[in-house]
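Just so it is clear, none of the values below were taken in a lab; they were calculated from the coordinates. Just so we're clear, the structure is a prediction, and the values are computed from it rather than from any experiment.
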Amino acid sequence: MERTQEQVRSAAEMTRALARGIMPVGPSPGAFRQALEQFAHNLTETTGLCCTVHASDDFDTVQPEVGNHVYRIMQEATTNAIRHGKATEIQIILQASDTHYSMAISDNGRGMDVQPASKQHIGMGLQSMRTRARAIGAVIELLHNPQGGCDVLLKWPVSPRGILYDETD
């Protein structure tokens, strides 16, 4: 009986781990910020680069559906910074106002020519980021950082009702 209970606990933990991979932001208060902080910690531990999260709020009201899209945008931006930009440091900065949340992902890599990227979809990663941003009513912008690297800026409404549209898409 004890062995069966242990197997059930083990199976439940494996199921939870799998679900976290599919839907990293859960429904509990603070889950959004915790998921981003855990991602940064894991990235630092596994790659040796320095990835930090700075947040001006607890972000308890970010809905899981929205948080999962933002998480995947952040994940793609950091992957691009490492793979294409050869970044060694990444900062994720979250800010909140009464009507909008924003996230800036800045790296110290080689950067990229953001002009062609902002006018056309040059890769599946950037296309995915734009599609996810539109799905949550967000505006996404890629900027060349004069100190080196690239900045990915995302701004989305606190409430899913006040949807923003980027007129350049």
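Taking 0.36 nm per intervening residue step and subtracting the Cα-Cα distance, what contour gain separates SER128 from GLU89 on full extension? Mind dumping the intermediate values first?
Details: separation 39, 0.36 × 39 = 14.04 nm, distance 2.32 nm.
Full-extension gain reported as 11.7 nm.
Calculate, in nm to one decimal, what THR47 and HIS144 gain on full extension: separation in residues at 0.36 nm each, minus their alpha carbon distance.
32.5 nm
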